[in-house]
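Here the structure is laid out as structure tokens; the discussion comes afterwards.
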Amino acid sequence: MSTNEQIYGLRKQIGSRRQSVFEPIVLQLDGVLERNRVSNPYDAGRNAIDELLKIGAFANGCSGSNARVHTGPYLYHLSSVAKLKQLTWVQPDFTGDDGTCHAALIRVAEPGRWHSLASFALGTTYTGFRRMTWWTTLDLSAAPATNPLRVGLPDNWIPKYAVIMRTPVSAVSSRATVPTVVDGYLSSVFHPTMLDARPDSGVTIDLKTDELGEGVDEYLLDAVPIQFLEMMPMLLDDRVRSARPAVLLQNGLLDRLEHYYRTLF
């Protein structure tokens, strides 16, 4: 049975071949793990991550080349109530637990429709804890039970209290970058692209089928102005996911990932 340590060992070899320019930074990040007695980044705890965040190339994200978005009028991103608490909400009340806040959001933002985020929340930008968020041209709202798998999200990482976001390509294409091994350092599910080929985008790993394969395009955005964002709250609970088998890291997915990564050598 594959382990996180084995997966990272493979990923590190692939990254050094496909994105060698970032190898010095990866070695610096690995040094942080060694000092914290952690064998791989996927098992990093709070102390190790806090130390990693002191390294600028890790903390600021979006370290890759400029991307080129060729399809679709929108980019899509899977967020959650927990992540959106970084904003100041005018409506609804966002001070309760995640389930309460999500239910309140659904009451004021009709499900199945897109709503301007700026109509509900105050703030200048939306971003992640490493000042980056992951986006794709695949409409995540079109098939919410399965499309998150296509962008490389196992069920462990799909939020129950979800909020799907979209932004016009025309508004953000100039700031989109191709994800790198530094950007994907903490994720056991990441396809390192061949940077010498000057890819237009990153590519996800499709977890929808038993034999993993390349998925869809993916991009990184830094802080996105909220006036360019629309949202659709969606409950992604067990009822929604019950129509398909569960995809969990601890239930054989690491073995399938090991097989997939070995095809990239």
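The values are calculated or read from the model by the stated rules, or taken from the named source; none is laboratory data. Being a predicted model, the structure only gives us computed values, none of them experimental. With ideal geometry, Cβ positions are generated from the backbone for all residues, glycine too; neighbour counts draw on all protein chains shown.
For the stretch 249-264, the criterion of being closer than 22 Å to residue 127 by Cβ and over 20 Å from the mean Cα position of the chain (by Cα) is satisfied by no residue at all. Quick check on residue 58: is it outside any loop (DSSP other than H, G, I, E, B), in contact with a Ser or Thr (Cβ under 8 Å, 6 or more places away or on another chain) and either farther than 23 Å from residue 196 by Cβ or not small (Gly, Ala, Ser) (or both)? No; evaluated as a whole, the condition is false for this residue. Only one entry in 118, 82, 103, 109 is under 18 Å from the mean Cα position of the chain (by Cα) and on the phi < 0 side of the Ramachandran plot, namely 82.
Using the structure shown, decide if residue 200 is of a type in the set (Asp, Glu), under 17 Å from residue 69 (Cα atoms) and surrounded by fewer than 20 Cβ atoms within 10 Å (Cβ to Cβ).
The answer is yes for residue 200.
Looking at 186, 236, 207 in this structure, which one is hydrophobic (A, V, I, L, M, F, W, C) and either under 27 Å from residue 91 (Cα atoms) or touching an Asp or Glu at 6+ places or on another chain (Cβ under 6 Å) (or both)?
Unique residue meeting the criteria: 236.
Checking 140, 75, 117, 105 one by one, the residue that is in contact with a Lys or Arg (Cβ under 8 Å, 6 or more places away or on another chain), hydrophobic (A, V, I, L, M, F, W, C) and either closer than 19 Å to residue 238 by Cα or at pLDDT 95 or above (or both) is 75 and no other. Taken residue by residue, the stretch 63-70 has at least one member that is crowded, with 18+ Cβ neighbours inside 10 Å, among the hydroxyl-bearing types (Ser, Thr, Tyr) and not in a strand (DSSP E or B). Scanning the stretch 211-249 for residues that are among the polar types (S, T, N, Q) and touching a residue at least 12 places away in the same chain (Cβ under 8 Å) yields a single hit, 227.
Pairing residues of the stretch 1-27 that are among the polar types (S, T, N, Q) with residues that are surrounded by 17 or more Cβ atoms within 10 Å (Cβ to Cβ) and not in a helix (DSSP H, G or I), at Cβ distances under 8 Å and at least 6 apart in sequence or on separate chains, gives 4/40; 4/188; 19/180; 19/181; 19/192; 19/193.
Filter the stretch 143-169 down to the residues that are assigned to a helix (DSSP H, G or I) and either among the hydrophobic types (A, V, I, L, M, F, W, C) or without any contact (Cβ under 8 Å) to a residue 12 or more places away in the chain (or both) and list them by number.
Passing the criteria: 147, 149, 157, 169.
Residue count for the stretch 180-198 satisfying the condition of being over 13 Å from residue 151 (Cα atoms), in a loop (DSSP other than H, G, I, E, B) and either without any contact (Cβ under 8 Å) to a residue 24 or more places away in the chain or within 11 Å of the chain's Cα centre (by Cα) (or both): 3.
Residue-wise test of (1) surrounded by fewer than 22 Cβ atoms within 10 Å (Cβ to Cβ); (2) touching an Asp or Glu at 6+ places or on another chain (Cβ under 9 Å); (3) farther than 30 Å from residue 8 by Cβ.
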site: 91; (1), (2), (3): yes, no, yes
site: 96; (1), (2), (3): yes, no, yes
site: 125; (1), (2), (3): yes, yes, yes
site: 133; (1), (2), (3): no, yes, no
site: 142; (1), (2), (3): yes, no, yes
site: 159; (1), (2), (3): yes, yes, no
site: 170; (1), (2), (3): yes, no, yes
site: 174; (1), (2), (3): yes, no, yes
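Cβ-Cβ distances below 8 Å connect the following pairs, each with a first residue in the stretch 69-91 that is without any contact (Cβ under 8 Å) to a residue 40 or more places away in the chain, a second residue that is surrounded by 14 or more Cβ atoms within 10 Å (Cβ to Cβ) and among the aromatic types (Phe, Trp, Tyr), and a separation of six or more residues or different chains: 85/94; 89/120; 90/120; 91/120.
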